[in-house]
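Enquirer: I have a structure I would like to understand better, so I am pasting it below and will then ask my questions one at a time.
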Amino acid sequence: MSQDCMKQHGAFSWNELTTADVTAAKVFYGELLGWQFQDIDAGGMDYTMIKVDDKEVGGMMATPAEAKGMPPAWGAYVTVDDVDARVAQVEQLGGKICVAPQDIPDVGRFSVIQDPQGATLMLITYLNKE
């Protein structure tokens with residue numbers, strides 16, 4: 001899938017693992033799927049980029065302190081045209097805002113929502129880097 005398609009409104013664009021043991025996850029997924037990894041500093045937070053054939057396809061991070069006790073989980077991001085505007089619709093449609101919109105330095109703006117059935121999803125508006 002091309003980067004352009006992934007950054008269209010409504011398209012799934014990123015997958016991210018949150019886990020208590022990033023090192024063990026890298027060993028497991030590296031062996032299982034042949035993924036390569038690159039550790040980066042993401043605005044003061046350690047983050048691991050997941051790569052396939054040198055293309056970034058996802059990431060992993062340690063469970064943040066505010067989510068302590070949360071079981072390891074994969075999360076999906078969907079690109080939206082305006083995170084703040086879409087989040088304003090969530091509660092009107094019966095959903096819940098789990099993480100209010102906030103910036104990811106040099107990436108964009110995201111939020112975590114929950115649909116009326118309880119499934120969570122991350123919404124993201126990427127910075128225009130053209």
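Enquirer: Sort out which residues of region 13-34 are in contact with a helix residue (DSSP H, G or I) (Cβ under 7 Å, 6 or more places away or on another chain) and within 22 Å of Asp54 (Cβ to Cβ), and write them in order of number.
Expert: Ser13, Leu17
Enquirer: Separate question: Can you tell me which residue in region 96-116 is surrounded by the fewest Cβ atoms within 10 Å (Cβ to Cβ), limited to those that are at pLDDT 95 or above and part of a loop (DSSP other than H, G, I, E, B)?
Expert: Pro116
Enquirer: Scan region 13-33 and tell me whether some residue there is within 19 Å of Ala76 (Cβ to Cβ) and assigned to a loop (DSSP other than H, G, I, E, B).
Expert: Looking for residues that are within 19 Å of Ala76 (Cβ to Cβ) and assigned to a loop (DSSP other than H, G, I, E, B), one finds none in region 13-33, hence no.
Enquirer: Scan region 75-95 and give yes if some residue there is of a type in the set (A, V, I, L, M, F, W, C), assigned to a strand (DSSP E or B), under 23 Å from Ala42 (Cα atoms) and more than 11 Å from the chain's Cα centre (by Cα), otherwise no.
Expert: No, region 75-95 contains no residue that is of a type in the set (A, V, I, L, M, F, W, C), assigned to a strand (DSSP E or B), under 23 Å from Ala42 (Cα atoms) and more than 11 Å from the chain's Cα centre (by Cα).
Enquirer: Quick test of your reading of the structure: Gly30 fulfils all but one of (1) surrounded by 13 or more Cβ atoms within 10 Å (Cβ to Cβ); (2) over 18 Å from Leu123 (Cβ atoms); (3) in contact with a Gly (Cβ under 9 Å, 6 or more places away or on another chain); (4) not charged (D, E, K, R). Name the failing condition by number.
Expert: (3)
Enquirer: Restricting attention to region 40-59, report how many residues are of a type in the set (Asp, Glu) and either surrounded by 11 or more Cβ atoms within 10 Å (Cβ to Cβ) or touching a residue at least 60 places away in the same chain (Cβ under 8 Å) (or both). Lay out the reasoning, then the answer.
Expert: In the first step, residues of region 40-59 are kept if they are of a type in the set (Asp, Glu); the result is 41, 46, 53-54, 56.
Retained after the next criterion (residues that are either surrounded by 11 or more Cβ atoms within 10 Å (Cβ to Cβ) or touching a residue at least 60 places away in the same chain (Cβ under 8 Å) (or both)): 46, 56.
Qualifying residue count for the region: 2.
Enquirer: Still on this structure, please answer the following. Val80 passes all but one of (1) within 16 Å of Asn15 (Cα to Cα); (2) among the β-branched types (Val, Ile, Thr); (3) surrounded by 13 or more Cβ atoms within 10 Å (Cβ to Cβ); (4) without any contact (Cβ under 8 Å) to a residue 60 or more places away in the chain; which number fails?
Expert: Failed condition: (4).
The values are calculated or read from the model by the stated rules, or taken from the named source; none is laboratory data. Small disclaimer: the values here were computed from a predicted structure and weren't measured. Backbone-built Cβ (ideal geometry, glycine too); neighbour counts: all protein chains shown.
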